[in-house]
Structures are given as structure tokens and as C-alpha cells.
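The values are calculated or read from the model by the stated rules, or taken from the named source; none is laboratory data. Just so you know, these numbers come straight off a predicted model, no measurement behind them. Counting neighbours? That spans all protein chains shown, and the Cβs are built from the backbone with ideal geometry, glycine included.
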Amino acid sequence: MVHFYCPVCWKELADDLSQCPHCGAEIHEIWRSKSYLEKLILALNHPEPSTVMRAVWLLGQLRDPRAVGPLGRLLETTRDVFVTRAVKVALSELGPSDNSEGRKQDKPPTPLRRE
């Protein structure tokens, strides 16, 4: 069975609706107006973890610097150790962002751990 979600409030929808009954968002218009990158960034908030993981991986593969901020925010808010790892891998694919010379930062990497 296919599940549909609103890309604004992420509530599950009974069908492929044009307007979200929960928040009133014009769903089809949102999807038509967004670029592929923007759709992937929206998917970082998806309620299904597998969709988030795919979006993170694809953003890393695209290597678009506009993904750094949204991936960083996800890294700060997620409690999922697998998402944390995927985000760190994706960010490493994007390369250094704060350093114009392209060198790695001097601070040690943050260890992955379960809390």
C-alpha cells in the first residue's frame, strides 16, 4: 500500500490529495514548484526513516553546497545513530565548507555513539 504525506506538516494522507486537510498546503503546487534538490531537502523531515536515509545519501551524491545547512540541522536534531552516520558520510562527500583552502579542520571528528 502506498502512503502519502503532506510535504509541509508531514501528516499521513488517505489519498493523493491536492490540498492537505490538516494544514491546507497546496501539495501538488509545492511539488511542481520545487527543484529536485529542494524536494530532497524537504524529505529530510519525512516521518519514515528509510526515506530520510535515501534523501541524505542522494544529497551527498549530488554534492551541492546548498545541502550543507539542512544536513547540519538534521545532524543537530536527530537521535537516530544511523541517520547521524549517514549525514556525516554525506557531509564528507560535500567536502570542506568552512575552509576556502580546502584543508580539513583541525578539530577531531565527533565519535558516533548511542545515547
From the list Pro21, Pro47, Pro96, Pro70, exactly one residue is touching a residue at least 24 places away in the same chain (Cβ under 8 Å), surrounded by fewer than 16 Cβ atoms within 10 Å (Cβ to Cβ) and at negative phi. Which is it? Pro47
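Could you please give the count of residues in region 61-95 that are acidic (Asp, Glu) and over 17 Å from Asn45 (Cα atoms)?
Narrowing region 61-95 to residues acidic (Asp, Glu): 64, 76, 80, 93.
Okay, now just the ones that are also over 17 Å from Asn45 (Cα atoms), so 64, 93.
Count: 2.
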Can you tell which of Gly95, Gly69 is modelled with pLDDT under 95 and not charged (D, E, K, R)? Gly95
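Yes or no: Gln61 farther than 23 Å from Cys6 by Cβ and either modelled with pLDDT of 95 or more or surrounded by fewer than 16 Cβ atoms within 10 Å (Cβ to Cβ) (or both)?
Yes: the conditions hold for Gln61.
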Looking at (1) touching a Pro at 6+ places or on another chain (Cβ under 6 Å); (2) closer than 15 Å to Ser92 by Cα, find the lone condition where Leu71 falls short. (1)
Subset of region 14-44 [farther than 28 Å from Val87 by Cα and either part of a strand (DSSP E or B) or in the same structural domain as Ala67 (by TED's automatic domain parsing) (or both)]: Gln19, Glu26
